[in-house]
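Colleague: Below you will find the structure I want to go over with you.
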Amino acid sequence: MKYCVIRSHRPESSDFLSACTGDELSFERKETTYSGWIWCTGQRGAQAWVPEAYVSIEGTRCFMTRDYSSRELELEVGDKVELLEIESGWAWVLDSSNVNGWIPMERLEPVEPNDAAG
């Protein structure tokens, strides 16, 4: 489904964590605006928020239960994206350059079917 960006979004960092199913990460619970996310450190030291639904927690360790990228997209008002998944207040989308990434759901609005060509 197509969505339109109604508030621009800028990633806090250009670095992002990328992890594969089965990868072990260290994690901690930090205060965040969005529930359902934990702060993780990957095997190469990259740090990012990861959906808790994407990991299996065993004591002080967690393991990815699916592939994941924490890439956030820089998007401007009026940009169109394709919504691929919603997770804990964020949307995993595909932008007009065929790049996948995250953006907060509250910055998106569905494109009306009669606006789909725009």
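The values are calculated or read from the model by the stated rules, or taken from the named source; none is laboratory data. Keep in mind the model is a prediction, meaning the values are calculated, not measured. Cβ sites come from the backbone with ideal geometry, for glycine too, and all protein chains shown count toward neighbours. We work out accessible area using only protein heavy atoms, side chains counted, and drop any ligands, DNA or RNA first. Shrake-Rupley method; radii C 1.70, N 1.55, O 1.52, S 1.80 Å.
Colleague: If we keep just the residues of region 1-47 that are among the charged types (D, E, K, R) and in a strand (DSSP E or B), which is farthest from L94 (Cα to Cα)?
Modeller: E28
Colleague: Another one. Among the residues of region 48-82, which ones are of a type in the set (S, T, Y), surrounded by 12 or more Cβ atoms within 10 Å (Cβ to Cβ) and outside any loop (DSSP other than H, G, I, E, B)? Spell out how you get there, then give the answer.
Modeller: Looking only at region 48-82, we keep the residues that are of a type in the set (S, T, Y), and these are 54, 56, 60, 65, 68-70.
Those still in the list that are surrounded by 12 or more Cβ atoms within 10 Å (Cβ to Cβ) too: 54, 65, 68-70.
Y54, Y68, S69 - these are the residues of region 48-82 that are of a type in the set (S, T, Y), surrounded by 12 or more Cβ atoms within 10 Å (Cβ to Cβ) and outside any loop (DSSP other than H, G, I, E, B).
Per-residue answers, yes or no, for (1) open to solvent by less than 50 Å² (accessible area, probe 1.4 Å); (2) hydroxyl-bearing (S, T, Y); (3) within 17 Å of E85 (Cβ to Cβ); (4) out of contact with any strand residue (DSSP E or B) (no Cβ under 9 Å at 6 or more places or on another chain):
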| residue | (1), (2), (3), (4) |
| --- | --- |
| E12 | no, no, no, no |
| E24 | no, no, no, no |
| K30 | no, no, no, no |
| G36 | yes, no, yes, no |
| C40 | yes, no, no, no |
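Colleague: Any residue in region 94-101 that is in contact with a Gly (Cβ under 9 Å, 6 or more places away or on another chain), surrounded by 11 or more Cβ atoms within 10 Å (Cβ to Cβ) and not charged (D, E, K, R)?
Modeller: Within region 94-101 (the criterion being in contact with a Gly (Cβ under 9 Å, 6 or more places away or on another chain), surrounded by 11 or more Cβ atoms within 10 Å (Cβ to Cβ) and not charged (D, E, K, R)), the answer is yes, since at least one residue qualifies.
Colleague: List the number of the failed condition for W39; all other conditions in (1) closer than 16 Å to Y3 by Cα; (2) touching a Lys or Arg at 6+ places or on another chain (Cβ under 6 Å) hold.
Modeller: (1)
Colleague: Specify the residue that is farthest from V111 (Cα to Cα); the eligible residues are those in region 24-55 that are touching a Gly at 6+ places or on another chain (Cβ under 7 Å) and not hydrophobic (A, V, I, L, M, F, W, C).
Modeller: E52
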